[in-house]
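Everything below concerns the one structure shown next.
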Amino acid sequence: MLTYAIKRIGLALLIICVVMLAMYAMVFLVPGDPASLALGPRATPQLKAELMQRMGLDQPIYVQVWNFFSNVLRGDLGYDVWSKRPVAQMIAEVFPNTLFLGAVAMSIALVAGIGLGCLAVVWQGRSIDRVLAVLSVSMISIPSFVVGIYLLLVFAVWLGWFPAIGAGDPGDWGSQIRAVVLPAAAIAITWVGYLARLVRASMLEVMSANHVRTARAFGLTDAKIVLRYALRVAIVPVIAIVAVGFGSILSSAVFVETVFSRPGIGTLITSAVQKRNFPVVMGSVLFMTAFYLTVVTLADLLMAKLDPRVRDTLRG
Amino acid sequence: MSEPLLKVDDLSIAYASEEGALQALRHATLEARAGEAIGIVGESGCGKSTLASALITLLARNARVTSGGVRFGGKDILAVSDEEQRRIRGRHIAMIFQDPMTSFNPVLTIGEQLVDFQDQREGLSKSDKRRAAAAMLKRVGIPDPERCLGRYVHELSGGMRQRAAIAAALLMAPQVLVADEPTTALDVTMEAQIIHLLRALRQDYNGAIVIITHHLGLVGELCDRVYVMYAGEVVEEGSTDDVYHSPRHPYTQALIACDPANIHDQTPVLPTIPGRLPDLVNPPQGCSFAARCARATDHCRSVAPPHVEVGSRHFARCHEALP
Amino acid sequence: MASGKRNVWRALLSEPLGVMGGIIVLAFVLMALFAPWLAPYDPLKIDVMHKFSAPSLAHWAGTDQLGRDLLSRIIYGARTALGVAITATGIAGLAGILLGLVAGYGPRWLDSLLILCFDSMTSLPMIMFALAVITVLGPSTATLILVIILVSIPGYARFIRAQTLSLVRSDFIMAEQAMNASNARIILLHLLPNVAGQLLVVLSMDIPVVIMLEAGLSYLSLGVKPPTPSWGNIVYDGYVSLRQSPGMVIIAGIPLILATLGFTFLGEALRDALDPRLQLRTLR
């Protein structure tokens, strides 16, 4: 288990390094230099030189790369070109909002998705099962920002049940929860469909497995068979996908946060991209990548713990 | 002679399929007494797996009992409620499964499963059950039972898995032990060891053993009586000695002739039985083996053969066996 | 082979959702191809006098904040959506085949290197990667297409590589190698035809994802630039005027929902008919 963990974490670190190098290289691939790109037509030579120096662009390239890596390791992700605030601090301010949104969305998706999946298993082959199948595919394919806008129109603008913009007042849990419901639902809908489908397939496969038959042959109760023997095996692919799903959910957050004008990493990046604010984009992308890789790696380790076959096949 | 412990009485089972009802088992009758081991042999598709499922009341969803039943403890266990069936399974009728690799749960340790399998024993603490499991593992020849209890099925060798599967089946001292192809998943040396183990266990086991296999040697080693099945029917039954030494049904004769163990001379071609199994959706009117039988007559093809007593408790379902 | 194709058709036609998806897709394809003839107005023609007009006989879907005919914009939007989707998945598919064959059939070190690159790219959340590229290159339709190509290649290449590896171990390729057939012959005659069909299914299943991505990025003003009509920026226009004219955003969302549903239903039916073993695409 330990060797597997080390291997898995090592791979994640290697990928982070590759991603960092690639992102750094990308800046140099563009025609023109990042300083004038960021400053746009207003760039005076003096302003440009100042920015170049602040971004460390006047140094030889290996020094730049070295500085970049060592800064990132120290938690320094650079400074906003306009407000000159540290990027790390900007991310720290808004990230909890995004995390909360993602967590609520994932919880909705897990409860509804596993519930619908189990329903489909219980009613397997009946018309409810078929309706659920069509519903799942539809939920998977509809774009979340369109769902978000419709939800906003119906429940915030027309019915006025939930706020249309923002993330609620700091410190006021009630308002924060009211503000998260609609965006979380918009993001969750894709994953409700996806998980319902996955749980159904996974459960059906496990319930017809030989070992479930063995458990039956020893007279175990159906409840014990489903909860202890089948679900533990069926849940393994769900955990794997939930971790990947977290990345996907944070991606959808980019669109949905904009729809609900909700402060978060998504709105931060979007506005930075629109203003071509390099350090903020790079810093946020790097942060999100690292966060995503951490979640995926943790999920892999958890999976290895739940399913001893996984860690043994990957041990060698 | 004692009353049979388990009696399969005129049992017919059909599966719903797209072509129609597939009659996997047709009017099978057999019995097992306490202290007796019976063997059920036949090629794949002869209905032995269906029979095995019926014995542990785990028929597939699309299976339907069309006649007869399985009598055990004064009841037809295929007709009682699901809950009653569940209480019989494992405790009174237990099964040694075909492929222990997939028959144990991959994410629970052998110990956790062996404890769960004793759920129906009341008044025993978890640690008692674990101790019972360890003792049973020791009895089936697993050298370090405690270690084995903590392992997952994929961490055991093939032989160990099969021993653990046997231990699982014996845990609650069931009155009937059903073994479904207990040696198929093993290589020859392992097979010999498992046969040896099963023989040793037979000495101090006083329930009935039902061994279901395509392997004639296994039945010859372990069983008192043998039932030969073909196309869902029992075509010949009798003591193992009688059936092996003077088979009366042409199918049994062919089966014995084709057993690699009986081929001593160097031969360029291994003997086989020509032809294929009959269509079980529309079984033939006459003898179901007629199409593959060298001695079949028109009479065989049109009239179902009678159940002929050819010796003391030795029966064959064949026109030719008539005196 | 002929009977195999007939079976595929029969399997497709027996799936009502697949047929429905096929009809929707066909409708959108025709809409894109014949946009100039189908659209009642010029999608760019501004008529401020009639802005935010409700659906009427003159403007079936109403007009937007500049008085442009919404239906015409949606019809031309189909052109943008399908144009981007087909160009991007097409190029990505070709590049994926090339890289996948190189990885699967080429030397081991190249394979490992490519796999590391693919893994690094797939381990980035897709949108994050897209946003990084857009920042560097600046938002435009060309950037959008490039971004979609870049994020799609690793998946396709990995798929082709896996297929290639399993084929290389198959008997008939080994037989060819034993007969000293040239690599080019093996790749062109045996690997490519076997691998391309399955990739086509994967590509068709990705089209709704690409349509969604194009619309999403255009909605964020990071994709297709106004005034060129794209379903994404039409939704954005509607979203901005949500309170004045809610009808506009409702209508603007419909083509996106219909198109993604239609392509998904068709793609799933196609997959089930051609190769049920293919995995559902993984969302990222």
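Quick one: in the range C:43-53, which of the residues that are touching an Asp or Glu at 6+ places or on another chain (Cβ under 8 Å) and over 18 Å from C:Gly247 (Cα atoms) is modelled with the highest pLDDT? Spell out the reasoning first.
Quick first cut of the range C:43-53, residues touching an Asp or Glu at 6+ places or on another chain (Cβ under 8 Å) only: C:43, C:45, C:51-52.
Add one more test, that the residue is over 18 Å from C:Gly247 (Cα atoms), and what stays is C:43, C:45.
Numbers: C:Pro43: 82, C:Lys45: 77.
Result: C:Pro43.
Could you grab me the full set of residues in the range A:144-173 that are crowded, with 20+ Cβ neighbours inside 10 Å and touching a residue at least 60 places away in the same chain (Cβ under 8 Å)?
Those that are crowded, with 20+ Cβ neighbours inside 10 Å and touching a residue at least 60 places away in the same chain (Cβ under 8 Å): A:Ser144, A:Phe145, A:Gly148, A:Ile149, A:Leu152, A:Ala167.
Among the candidates A:Ala164, A:Ala109, A:Ala156, A:Ala133, which residue alone is within 12 Å of chain C (Cβ to nearest Cβ), under 30 Å from C:Gly232 (Cα atoms), in a loop (DSSP other than H, G, I, E, B) and of a type outside the set (Asp, Glu)?
Details: A:Ala109 fails: in a loop (DSSP other than H, G, I, E, B); A:Ala156 fails: in a loop (DSSP other than H, G, I, E, B); A:Ala133 fails: in a loop (DSSP other than H, G, I, E, B).
Residue meeting the stated conditions: A:Ala164.
Find all pairs meeting these conditions: Cβ atoms under 8 angstrom apart; at least six residues apart or on different chains; first residue within the range C:104-133 and touching a residue at least 60 places away in the same chain (Cβ under 8 Å); second residue among the basic types (Lys, Arg) and part of a helix (DSSP H, G or I).
These pairs meet every condition: C:Gly104/C:Arg161; C:Thr122/C:Arg158.
At least 1 residues that are away from chain B (no Cβ under 14 Å) and modelled with pLDDT of 90 or more in each: list the helices (runs of 4 or more DSSP H) lying fully within the range A:194-291 that qualify.
Numbers: elements: A:210-217, A:231-259, A:265-274.
In the range A:194-291, A:231-259, A:265-274 are the helices (runs of 4 or more DSSP H) which contain 1 or more residues that are away from chain B (no Cβ under 14 Å) and modelled with pLDDT of 90 or more.
Can you go through B:Ala37, B:Ala63, B:Ala52 and tell me which one is within 26 Å of B:Arg317 (Cα to Cα) and in contact with a Leu (Cβ under 8 Å, 6 or more places away or on another chain)?
B:Ala37
Would you point out the residue of the range C:149-175, among those that are surrounded by fewer than 22 Cβ atoms within 10 Å (Cβ to Cβ) and of a type in the set (Ser, Thr, Tyr), that is nearest to C:Leu203 (Cα to Cα)?
Restricting to residues being surrounded by fewer than 22 Cβ atoms within 10 Å (Cβ to Cβ) and of a type in the set (Ser, Thr, Tyr), the top hit is C:Ser166.
Looking for whichever is among the β-branched types (Val, Ile, Thr) and under 20 Å from the mean Cα position of the chain (by Cα) here; the options are A:Val65, A:Val131, A:Val111, A:Val81. Which one fits?
Answer to the check: A:Val111.
Can you say whether C:Ile75 is assigned to a helix (DSSP H, G or I), modelled with pLDDT of 80 or more and touching a helix residue (DSSP H, G or I) at 6+ places or on another chain (Cβ under 6 Å), as far as the supplied structure shows?
Judged against the criteria, C:Ile75 is a match.
Name the single residue, out of those in the range C:226-248 being surrounded by fewer than 23 Cβ atoms within 10 Å (Cβ to Cβ) and of a type in the set (A, V, I, L, M, F, W, C), that is farthest from the other protein chains (Cβ to nearest Cβ).
C:Val240
Could you look through the range B:82-92, keep only residues that are buried (at least 18 other Cβ atoms within 10 Å of the Cβ) and under 22 Å from A:Ser208 (Cβ atoms), and pick out the one that is farthest from the other protein chains (Cβ to nearest Cβ)? Step through it out loud before you land on a result.
We begin by selecting, within the range B:82-92, every residue buried (at least 18 other Cβ atoms within 10 Å of the Cβ); these are B:85-86, B:88-92.
When the remaining residues are screened for being under 22 Å from A:Ser208 (Cβ atoms), the result is B:85-86, B:89-90.
Working: B:Gln85: 8, B:Arg86: 5, B:Arg89: 4, B:Gly90: 4 Å.
Only one residue fits best here, namely B:Gln85.
With the checklist (1) more than 29 Å from B:Val281 (Cβ to Cβ); (2) over 20 Å from the mean Cα position of the chain (by Cα); (3) away from chain A (no Cβ under 14 Å) in hand, flag the one item B:Thr66 doesn't pass.
Here B:Thr66 clears every test but (1).
Considering the range B:1-26 alone, what residues qualify as being surrounded by fewer than 17 Cβ atoms within 10 Å (Cβ to Cβ) and either within 11 Å of B:Glu233 (Cα to Cα) or among the polar types (S, T, N, Q) (or both)?
Result: B:Ser2, B:Asp10, B:Ser17.
Name the residues in the range A:188-214 that are β-branched (Val, Ile, Thr) and either surrounded by fewer than 18 Cβ atoms within 10 Å (Cβ to Cβ) or within 23 Å of the chain's Cα centre (by Cα) (or both), would you?
Correct list: A:Ile189, A:Thr190, A:Val192, A:Val199.
Quick one: is B:Arg33 surrounded by 16 or more Cβ atoms within 10 Å (Cβ to Cβ) and under 20 Å from B:Thr240 (Cα atoms)? First the steps, then the outcome.
Working: surrounded by 16 or more Cβ atoms within 10 Å (Cβ to Cβ): yes; under 20 Å from B:Thr240 (Cα atoms): yes.
Yes.
Only one of (1) under 26 Å from C:Ala273 (Cα atoms); (2) outside any helix (DSSP H, G or I) fails for C:Asn180. Which number is that?
Going through the list (1) under 26 Å from C:Ala273 (Cα atoms); (2) outside any helix (DSSP H, G or I), C:Asn180 breaks only (1).
Within the range B:131-158, count every residue that is more than 13 Å from chain A (Cβ to nearest Cβ) and more than 24 Å from B:Gly207 (Cβ to Cβ). Before you say what the answer is, go through the steps one by one.
In the first step, residues of the range B:131-158 are kept if they are more than 13 Å from chain A (Cβ to nearest Cβ); the result is B:131-132, B:134-149, B:157-158.
So of that shortlist, the ones also more than 24 Å from B:Gly207 (Cβ to Cβ) come out as B:143-144, B:146-149, B:157-158.
The number of residues fulfilling the criteria is 8.
What strands (runs of 3 or more DSSP E), lying completely within the range B:36-110, carry at least 2 residues that are aliphatic (A, V, I, L, M), touching a residue at least 12 places away in the same chain (Cβ under 8 Å) and under 26 Å from B:Ala200 (Cα atoms)? Before the answer, list the steps.
Working: elements: B:37-41, B:63-72, B:93-96.
Answer list for the range B:36-110: B:37-41, B:93-96.
Looking at the range B:166-184, I want the residues that are within 13 Å of another protein chain (Cβ to nearest Cβ) and have a partner that is among the acidic types (Asp, Glu) with Cβ atoms under 9 Å, at least 6 apart or on another chain. Which pairs are those?
Qualifying pairs under 9 Å: B:Glu181/B:Asp99.
Pairs, please: C-beta under 6 Å, at least 6 apart or cross-chain, first residue of a type in the set (Phe, Trp, Tyr) and in the range B:1-23, second not in a strand (DSSP E or B)?
Hits for this filter: B:Tyr15/B:Asn62.
Restricting attention to the range C:122-142, and to residues there that are more than 17 Å from C:Met212 (Cβ to Cβ) and more than 11 Å from chain A (Cβ to nearest Cβ), which single residue is farthest from the chain's Cα centre (by Cα)?
Let us first name the residues in the range C:122-142 that are more than 17 Å from C:Met212 (Cβ to Cβ), namely C:122-124, C:132-133, C:135-140, C:142.
From what's left, more than 11 Å from chain A (Cβ to nearest Cβ): C:140, C:142.
Values: C:Ser140: 18, C:Ala142: 15 Å.
Looking at residues that are more than 17 Å from C:Met212 (Cβ to Cβ) and more than 11 Å from chain A (Cβ to nearest Cβ), I get C:Ser140.
Among C:Leu116, C:Leu57, C:Leu110, which is the only one that is more than 17 Å from C:Asn233 (Cβ to Cβ), within 14 Å of chain A (Cβ to nearest Cβ) and surrounded by fewer than 16 Cβ atoms within 10 Å (Cβ to Cβ)?
On the way: C:Leu57 fails: within 14 Å of chain A (Cβ to nearest Cβ); C:Leu110 fails: within 14 Å of chain A (Cβ to nearest Cβ).
Residue meeting the stated conditions: C:Leu116.
Please go through the range A:176-190 and pick out each residue that is under 13 Å from A:Gly115 (Cβ atoms) and touching a Leu at 6+ places or on another chain (Cβ under 8 Å). Working first, answer last.
Our first condition is that a residue be under 13 Å from A:Gly115 (Cβ atoms); within the range A:176-190, this holds for A:188.
Passing the criteria: none in range.
Filter the range B:1-20 for residues that are in a strand (DSSP E or B), more than 17 Å from B:Ile209 (Cα to Cα) and hydrophobic (A, V, I, L, M, F, W, C) and give the result.
Within the range B:1-20, the first condition is being in a strand (DSSP E or B), and the residues that meet it are B:6-17, B:20.
Going one step further and asking which of them are more than 17 Å from B:Ile209 (Cα to Cα), we end up with B:9-17, B:20.
Within the range B:1-20, B:Leu11, B:Ile13, B:Ala14, B:Ala16 meet the criteria.
If you take just the helices (runs of 4 or more DSSP H) that sit entirely in the range B:218-323, which of them hold at least 2 residues that are more than 16 Å from B:Arg26 (Cα to Cα) and among the aliphatic types (A, V, I, L, M)? Give the steps one after another, and end with the answer.
Numbers: elements: B:240-245, B:250-258, B:298-302.
In the range B:218-323, the matching helices (runs of 4 or more DSSP H) lie at B:250-258.
If you check every pair at least six apart or on different chains, which have Cβ atoms under 9 Å apart with a residue in the range C:7-23 that is assigned to a helix (DSSP H, G or I) first and a residue that is at pLDDT below 70 second?
Sorted first by the residue in the range C:7-23, then by its partner, the pairs are C:Gly18/C:Ala11; C:Gly18/C:Leu12; C:Val19/C:Leu12; C:Gly22/C:Leu12.
The values are calculated or read from the model by the stated rules, or taken from the named source; none is laboratory data. What you see is a predicted model, and the numbers here were worked out from it, not measured in a lab. Neighbour counts are summed over all protein chains in view; Cβ atoms, including those assigned to glycine, are modelled from backbone coordinates with ideal geometry.
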